[in-house]
1. Say each of Asp53 and Leu100 gets a label point 7 Å from the Cα, pointing the same way as Cα to Cβ; how far apart are those two points in nm?
2. Which of the peptides 72-83, 114-125 is most tightly packed, and how do the rest follow, going by the mean number of other Cβ atoms within 10 Å of each residue?
3. Among residues other than Gly96 whose Cβ falls under 14 Å from its Cβ, what is the net charge (Lys/Arg +1, Asp/Glu -1)?
4. Give me the distance between the Cα centres of region 77-140 and region 50-66, rounded to whole Å.
5. Which FRET efficiency value, to the nearest 0.05, is calculated for Thr131 and Thr62 with the Förster distance at 30 angstrom and r the Cβ-Cβ distance?
6. Which of Gln76, Leu86, Leu100 sits closest to the plus end of the dipole of region 69-110, meaning its Cα is farthest towards the positive end, when Lys and Arg get +1 and Asp and Glu get -1 on the C-beta?
7. If I take R0 = 35 Å and measure r between the Cβ atoms of Glu69 and Glu114 in this structure, what FRET efficiency does the formula 1/(1 + (r/R0)^6) give, to the nearest 0.05?
8. For region 65-104, with every protein chain kept in place, what is the accessible area per residue (1.4 Å probe, Å²)?
Amino acid sequence: MSIPGTGPVRGAVPGLGQDFGLDLGGLGFTLPGAALPDPAGAPGLGHSLAVDDGDLVIDAGTGGPATVEGPDALTQALTLTVETQLGSDRLHTTFGFDRLAVGRYPMSRLARKEYIRLELVRCLATDRRVTDIREVFFEDDPRFFELRPRADRTAGSRPVDDVRSSRSHTAYVIIETVAGDTLTLRSGGRLE
């Protein structure tokens, strides 16, 4: 499949300009493995090898590596972005989340949460499939309880007090994609 109005160039090298990748405007070659335009007009979210806890997943049916595509591929990519320490990739030094800086400097709880919020926005916005980061909130924010109300509000201790007394922060990021999907990222690498 090629971009409408373009096609393989006659006399080009065999295998180049064929319909197995994205045709670059009739220049006579393609980018193998590049995402093809969706005929319906909606951009795709890509495809990738499936990874579980850092290991490749093997497809039981074929015996080869399993793949993920669409929202699952974006979910996996954003998870890897947040779980990778900023600067640990020597070839892409701006990739990842700078979690070491949270403990490097003395900060109040509010300053620490604001730094985490800004760092999440910075590292997730680098993915071209993310069009908007709608909101970032924490478990002890009122917004968390608006979106995820408790079934029994009277039982047990107050969760806000429990969260505020701990040094860990669980953040939720609401993301809009180029395909128009909305994903919710939970810190710790889980997307719903």
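The values are calculated or read from the model by the stated rules, or taken from the named source; none is laboratory data. Note that the structure is a prediction, hence the values are computed from the model and not measured. A quick note on method: Cβ atoms are made from the backbone with ideal geometry, for glycine too, and the neighbour counts reach across all protein chains shown. All accessible areas refer to the heavy atoms of the entire protein, side chains included, with ligands and DNA or RNA removed. Shrake-Rupley method; radii C 1.70, N 1.55, O 1.52, S 1.80 Å.
1. 2.6 nm
2. Details: 72-83: 19.0, 114-125: 16.2.
Top of the packing list down: 72-83, 114-125.
3. Numbers: positive: Arg90, Arg99, Arg122; negative: Glu83, Asp89, Asp98, Glu119, Asp127.
That works out to -2.
4. Answer, in whole Å: 28.
5. Details: r = 34 Å, r/R0 = 1.13.
For R0 = 30 Å, the calculated efficiency reads 0.30.
6. Towards the positive end, the residue furthest out is Leu100.
7. On the way: r = 35 Å, r/R0 = 1.01.
Approximately 0.50, to the nearest 0.05.
8. Working: 2300 Å² over 40 residues.
So region 65-104 comes to 57 Å² accessible per residue, rounded to a whole number.
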